[in-house]
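Contents: one structure, followed by commentary.
The values are calculated or read from the model by the stated rules, or taken from the named source; none is laboratory data. In this text, all values refer to a predicted model and were calculated from it rather than measured experimentally. FYI the Cβ positions are ideal-geometry reconstructions off the backbone, even for glycines, and counts take in every protein chain you see. These area figures cover heavy atoms from the full protein model, side chains too; ligands, DNA and RNA do not enter into them. Shrake-Rupley method; radii C 1.70, N 1.55, O 1.52, S 1.80 Å.
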Amino acid sequence: MAKIENNLEIIQTQIKQAKLRVNASQQVNIIAVTKEVDVARTQEAIEAGLIHLGENRPEGLENKRQAIDATVSWHYIGSLQTRKVKQVIDQIDYLHSLDRLSLAEEIEKRATKTVKCFVQVNVSGEESKHGLTKEQTLAFVKQLEQFSKIEVVGLMTMAPFTEDETKIREVFKQLKQLQQQVSELSISNVPCTELSMGMSNDYELAVEEGATFVRIGTALVG
Ligand SMILES: *Cc1c(COP(=O)(O)O)cnc(C)c1O
């Protein structure tokens, strides 16, 4: 296995170059997706300087949280079952998979502090993917104004399963357009300034299209 420090340096260089190619100036936060690796490897990620960690199952999150003292931000990046909210919600700083009103209601009931949420959007319309359509997203965020425990910091998407860069880029572009539309609604707890998009295989494209959080597993800690 390559050292995380070395992987991180490569990824940071690629991100810098991607920004230069399009004259982009946004800050890009790297989330180390540690769902497939153990506590020791996660510790190595923290020692390399990573401060955002991503998990996608309640058990994985709990394991890592119990073993790790360092002050880091915990991101929950998987779909979250309503009945697991109680167990998970006070353990995380960011939820990347807010996709239904019943989930928002459960968070409102269980959380003891405000949770930074990304609304998950299924831009590509693939049936296998979670998330709201673009039309549903606008209606959905308007319903969130009443929720004091939810702050919609941005939108999240997963790119389609394809090698076709044009298609992937189009999905990222559409997410950004939607993010701007949502932001313009000026809902007080929906600033929606952030874009969570890009993984190991497509983070450079995502950065070119405006990503502010990239979620990287394999290329970083794998
Ligand atoms: C696993 C996962 C990632 C990281 O994927 P890699 O291809 O390993 O970088 C990112 N986002 C989500 C939602 C994931 O489930």
Residue check for Glu209: modelled with pLDDT of 95 or more and farther than 26 Å from Lys35 by Cβ: no
Out of Val123, Val88, sole residue that is assigned to a helix (DSSP H, G or I) and within 16 Å of the ligand (Cβ to nearest atom): Val88
Flag if Gly198 is open to solvent by 40 Å² or more (accessible area, probe 1.4 Å) and within 16 Å of the ligand (Cβ to nearest atom): no
Counted residues, the range 194-222 - those being in contact with a strand residue (DSSP E or B) (Cβ under 6 Å, 6 or more places away or on another chain) and either part of a loop (DSSP other than H, G, I, E, B) or of a type in the set (Ser, Thr, Tyr) (or both): 9
Index of the failed condition, Ala111 passing every other in (1) out of contact with any strand residue (DSSP E or B) (no Cβ under 6 Å at 6 or more places or on another chain); (2) buried (at least 16 other Cβ atoms within 10 Å of the Cβ); (3) hydrophobic (A, V, I, L, M, F, W, C); (4) farther than 23 Å from Pro191 by Cα: (4)
Residues located in the range 47-72, provided they are open to solvent by 30 Å² or more (accessible area, probe 1.4 Å), more than 12 Å from the ligand (Cβ to nearest atom) and within 18 Å of the chain's Cα centre (by Cα): Ile51
Leading residue by the ranking (most open to solvent (accessible area, probe 1.4 Å)) among those in the range 127-174 that are closer than 30 Å to Gln87 by Cα and of a type in the set (Asp, Glu): Glu127
